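Scroll down for the structure; my scribbles are underneath it.
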Amino acid sequence: MTTLAEGVAGAGSVAPRTPVRAGRRRSGAWRFAVLVLLGLYFLIPIAASVWFTVRDRGRGGVTFQHYVEIPGTEGFTAAFTRSLGLAGLTVVIVLLLMVPTVVLVDLRLPRLRTTVELLTLTPLVLPPIALVVGVRSVLSWAPDYFLNTPLADAFFALQEPSLPWILVLVYVVLALPFVYRALDAGVRGADLRTLTEAARNLGASWPRVLVSVVLPVLRTSVLNAAFLTFALVLGEFTIAAILGFETFPTWIVRISGSAPQLSVAVSVLSLVVTWMLLLLISALDRRRGTKESS
């Protein structure tokens, strides 16, 4: 009887399992199905592109010849290095322009936050085709109205084919919405006012505060903004094509007629490089979070 009583008491002390509702199972299944569909939507075109580049039409096997031929292809080195230079200059200029602006608005001019946000969103409202047509019209003033003047020389210098600075200036404008959003998210999540006031009380100048205090706090946001700008410049085609400059995207389109598999191979390779940069930024952010938590 004692054993039976203890068994009954023990059974009564165990809480019943919470029943799983059918709605939760269905919602989980729907989420899984949506993720699968999205994954297939992105992976199937990429897989088809990779298969198109590695398929050997003559022998019916697999070959990586098109990837091996990329560095030695005519015009690849010049176009790729030109795009890298344009991307690097655009990243530097847009960060030098926007990091102090975002910090100043957050610390000293919070009433102008809406105004600055609207100004930076203007490139999203203005179509790029309208922007580049306006830029081309202004550049045409040099031979028409300002020939043999310093202003005409400046316009011609902006259109140097080896390094077209006019593309850098246009890309800076196009990158403003993405850079501002990335930096503003980082500023809102950090207590910059307390950090900057402490640094100023210790005798640091404003440039020293920006370099030693603000940039380390906003490192992830700065990396995200730089990555978005870098990807934008490497993938931009319309403006460079209309202005008549050969960059990496325009070079890919130019060779697509004579070497379609090679052009797709270059596109796949550039996509892989972009993914690697994104994974590197995520790894740096994760490493920083681990150090801060420890």
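Over the chain, what is the relative contact order in whole percent, taking alpha-carbon pairs under 8 Å and six or more residues apart?
On the way: 205 pairs, mean separation 76.4, N = 294.
It comes to 26 percent, rounded to a whole number.
Placing one equal scatterer on every Cα of segment 33-187 and applying the Debye formula, the log10 ratio I(q)/I(0) at q = 0.13, 0.14 Å⁻¹ is -0.94, -1.00.
The fraction of accessible area contributed by carbon and sulfur in the chain is 67 percent, rounded to a whole number (1.4 Å probe; ligands and nucleic acids excluded). Between the entries [x] 0.99; [y] 0.95; [z] 1.15, the label attached to Rg/Rh (Cα atoms, Kirkwood Rh) calculated for this structure is [z].
In this view, the solvent-accessible surface of residue 83, computed with a 1.4 Å probe and all protein chains in place, comes to about 0 Å².
Counting only heavy atoms of protein chains, what accessible area per residue, in Å², does segment 79-120 have with a probe of 1.4 Å? Spell out each step's value before the answer.
Details: 2170 Å² over 42 residues.
Dividing the accessible area of segment 79-120 by its residue count gives 52 Å².
For the chain, the longest principal axis of the alpha carbon atoms and the long axis of helix 165-188 meet at an angle near 20°. Net charge dipole, the chain: roughly 1280 debye, given to the nearest 20, about the Cα centre with Cβ charges of +1 for Lys and Arg and -1 for Asp and Glu.
Once you have the Cα-Cα distance between residue 269 and residue 68, take 0.36 nm times their residue separation minus that, and quote the gain in nm to one decimal.
Working: separation 201, 0.36 × 201 = 72.36 nm, distance 1.13 nm.
71.2 nm is the gain from fully extending residue 269 to residue 68.
A full extension of the chain between residue 242 and residue 259 corresponds to an added length of 3.8 nm, given 0.36 nm per residue minus the alpha carbon distance. Rounded to the nearest 0.05, the FRET efficiency derived from the C-beta distance between residue 30 and residue 113 at R0 = 35 Å is 0.35. From the P(r) of segment 105-239, could you give the percentage of C-alpha pairs in the tail past 24 Å? Roughly 48 percent, once rounded to a whole number.
Any idea of the accessible area per residue across segment 188-252, 1.4 Å probe, to the nearest Å²? Don't skip to the end; give the middle numbers.
Numbers: 3230 Å² over 65 residues.
Ligands and nucleic acids excluded, the figure is 50 Å² per residue.
The values are calculated or read from the model by the stated rules, or taken from the named source; none is laboratory data. Because the structure is predicted, anything quoted here is derived from the model rather than measured. Note that each Cβ is placed from the backbone with ideal geometry, even for glycine, and that neighbours are counted across all protein chains shown. SASA here: full protein model, heavy atoms, side chains in, ligands and nucleic acids out. Shrake-Rupley method; radii C 1.70, N 1.55, O 1.52, S 1.80 Å.
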